[in-house]
Amino acid sequence: NLTPEELEHIPEHWLSFPEPAASIHYILGLIYIGFFFASIFGNGLVLWIFSTSKSLQTPSNIFVVNLAFCDFVMMFKTPIFIYNSFYRGYALGFAGCQVFSVMGALSGIGAGTTNACIAYDRYMTIAHPFDGKVSKTKALFMVLCVWLYAIPWTLMPFFEVWGRFVPEAYLTSC
């Protein structure tokens with residue numbers, strides 16, 4: 001059920017495998033519906049609580065909020081995956097693949113580097129208990145650096161400067 005224009009974006013490697021059973025696609029779609037609602041609720045709750053409670057707006061929690069934001073963005077690409085799962089393939093074409101990939105790359109790289117910031121914050125707190133606290137300004141600067149790092153690594157494959165975003169094996173994600 002793929003057009004020649006869609007086939008040119010799919011690596012030949014994936015086309016050499018038999019199509020997965022419809023039941024696998026439907027099961028994945030149902031599982032991801034659960035993930036979607038749990039993640040939107042959980043990360044939305046974290047964002048809401050940490051942004052409305054002044055006592056929780058500490059430098060360390062800036063990283064937690066950024067991580068919740070990354071996870072929130074990651075789950076907002078899930079409807080594309082669910083739609084593709086029930087369609088049993090590449091339903092939204094190349095444009096849908098690009099949107100899915102940009103959201104995933106940006107939030108995935110953002111989450112990974114935010115975890116590194118959290119590790120650095122924990123290290124400074126433990127290794128230097130009296131003078132190792134990360135200030136609010138430094139935490140905000142580190143979060144800015146997270147996004148300044150994630151953006152080019154996301155845009156390079158989007159513009160096919162370095163690599164490219166392509167559908168994966170089940171043709172439900174890119």
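The values are calculated or read from the model by the stated rules, or taken from the named source; none is laboratory data. Nothing here was measured: the structure is a model prediction, and the numbers come from that model. Positions of Cβ are generated from backbone atoms using ideal geometry, with glycine treated the same way; all protein chains shown enter the neighbour counts.
Can you tell which of L30, L67 is crowded, with 17+ Cβ neighbours inside 10 Å and either part of a helix (DSSP H, G or I) or of a type in the set (S, T, N, Q) (or both)?
L67
Quick one: would you say A105 is modelled with pLDDT of 95 or more, in contact with a Pro (Cβ under 9 Å, 6 or more places away or on another chain) and crowded, with 17+ Cβ neighbours inside 10 Å?
yes
Residue by residue, here is whether (1) more than 29 Å from I24 (Cα to Cα); (2) not small (G, A, S) holds:
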residue	(1), (2)
F76	no, yes
P79	no, yes
S101	no, no
L106	no, yes
T113	yes, yes
I118	yes, yes
M142	yes, yes
L148	yes, yes
E160	yes, yes
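If you go through region 114-143, how many residues are without any contact (Cβ under 8 Å) to a residue 40 or more places away in the chain and either loosely packed, with under 11 Cβ neighbours inside 10 Å or not in a helix (DSSP H, G or I) (or both)?
Residues that pass the stated criteria total 8.
With respect to V146, is the statement that it is more than 13 Å from the chain's Cα centre (by Cα), buried (at least 16 other Cβ atoms within 10 Å of the Cβ) and of a type outside the set (G, A, S) true?
Details: more than 13 Å from the chain's Cα centre (by Cα): yes; buried (at least 16 other Cβ atoms within 10 Å of the Cβ): yes; of a type outside the set (G, A, S): yes.
Yes: the conditions hold for V146.
Name the residue that is farthest from L171 (Cα to Cα), counting only residues in region 9-30 that are in contact with a helix residue (DSSP H, G or I) (Cβ under 9 Å, 6 or more places away or on another chain) and free of Cβ contacts under 8 Å to residues at least 40 places away in the same chain.
Here the answer is L30.
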